[in-house]
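For reference, the structure discussed in these notes is given below.
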Amino acid sequence: MDAAPEAGARDVAGVRDVVDEIREGWAELRPELDTSAVDVVGRVLRAAAVITRRGDELLAGSGLGRGEFDILAALRRAGEPRSPGALRTVSLATAPATTKRLQALEARGLVVRTPNPHDGRGALIALTPDGEQLIDDVFPQLLAVETQLVAGIPTAQLADVVAALRLTVESVEAA
């Protein structure tokens, strides 16, 4: 059983982090457990927490939460109205969460709901000019924050990091 990582696997250029300490603590306490998944999951969760916190701080300045931002961004990228179901798929939110976000965005005049001509019971959601302006203003700011957060990854290693993250997402979504 692989209770502790090999030095090369956990020690990039002599740098150790809290995940190494977590694994070592479990290796001492429960040496029979294979904690190798913590190398990936622990680091992904820690990175996600920092990225989310910094992004949320920026978005809050515009009165947006991440879910609302995701809906505005999906609509902007689509360039045409979308059904609430399509927006839910993009944002990975539940139906009630999507409904709540859409209601908040509609109340602020950032989106408009119209009947879906192909589904008499459904609706289509579109950006208003104010919604389009807000997402056009906020996205570059959020992108700058995210760029700053990953600036410590050497350019020569960036493609490898992206490939590893794609594999991670694929593995997690398939599980």
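The values are calculated or read from the model by the stated rules, or taken from the named source; none is laboratory data. All figures in this text were calculated on a predicted structure; none of them were measured in a lab. In this analysis, Cβ positions are derived from the backbone assuming ideal geometry, glycine residues included, and neighbour counts consider all displayed protein chains.
Which one of these is buried (at least 16 other Cβ atoms within 10 Å of the Cβ), farther than 13 Å from Val138 by Cβ and at pLDDT below 95: Gly120, Gly79, Gly67?
Numbers: Gly120 fails: buried (at least 16 other Cβ atoms within 10 Å of the Cβ); Gly79 fails: buried (at least 16 other Cβ atoms within 10 Å of the Cβ).
The unique qualifying residue is Gly67.
Going through (1) in contact with a Ser or Thr (Cβ under 9 Å, 6 or more places away or on another chain); (2) surrounded by 15 or more Cβ atoms within 10 Å (Cβ to Cβ); (3) closer than 18 Å to Arg76 by Cα one by one, Ala104 falls short only on (1). Candidates Val161, Val150, Val172, Val145: the one that is in contact with a Lys or Arg (Cβ under 6 Å, 6 or more places away or on another chain), within 28 Å of Arg46 (Cβ to Cβ) and β-branched (Val, Ile, Thr) is Val145.
Can you go through Leu102, Leu149, Leu87, Leu92 and tell me which one is touching a residue at least 40 places away in the same chain (Cβ under 8 Å), out of contact with any His (no Cβ under 6 Å at 6 or more places or on another chain) and not small (Gly, Ala, Ser)?
Values: Leu102 fails: touching a residue at least 40 places away in the same chain (Cβ under 8 Å); Leu87 fails: touching a residue at least 40 places away in the same chain (Cβ under 8 Å); Leu92 fails: touching a residue at least 40 places away in the same chain (Cβ under 8 Å).
None of the others qualify; the one that does is Leu149.
A search for C-beta distances below 9 Å between a residue of the range 109-121 that is in contact (Cβ under 8 Å) with a residue 12 or more places away in the chain and any residue that is among the charged types (D, E, K, R), counting only pairs 6+ apart in sequence or on different chains, returns Gly109/Asp130; Leu110/Glu68; Leu110/Asp130; Leu110/Glu132; Val112/Glu106; Arg113/Glu106. Here Glu146 meets each of (1) more than 29 Å from Ser62 (Cα to Cα); (2) within 16 Å of the chain's Cα centre (by Cα) with one exception, condition (1).
Within the range 27-42, being free of Cβ contacts under 8 Å to residues at least 60 places away in the same chain, surrounded by 15 or more Cβ atoms within 10 Å (Cβ to Cβ) and part of a helix (DSSP H, G or I) holds for Ala27, Val38, Asp39, Gly42.
Scanning the range 62-105 for residues that are small (Gly, Ala, Ser), more than 15 Å from the chain's Cα centre (by Cα), assigned to a loop (DSSP other than H, G, I, E, B) and more than 14 Å from Ile135 (Cβ to Cβ) returns a single hit, Ser83.
Could you tell me which residue of the range 17-49 is nearest to Glu173 (Cα to Cα), considering only residues that are among the acidic types (Asp, Glu) and in contact with a helix residue (DSSP H, G or I) (Cβ under 8 Å, 6 or more places away or on another chain)? Out of the qualifying residues, it is Asp39.
Exactly one residue among Ala60, Ala97, Ala73 is in contact with a helix residue (DSSP H, G or I) (Cβ under 8 Å, 6 or more places away or on another chain), closer than 25 Å to Asp137 by Cβ and free of Cβ contacts under 8 Å to residues at least 60 places away in the same chain, and that residue is Ala97.
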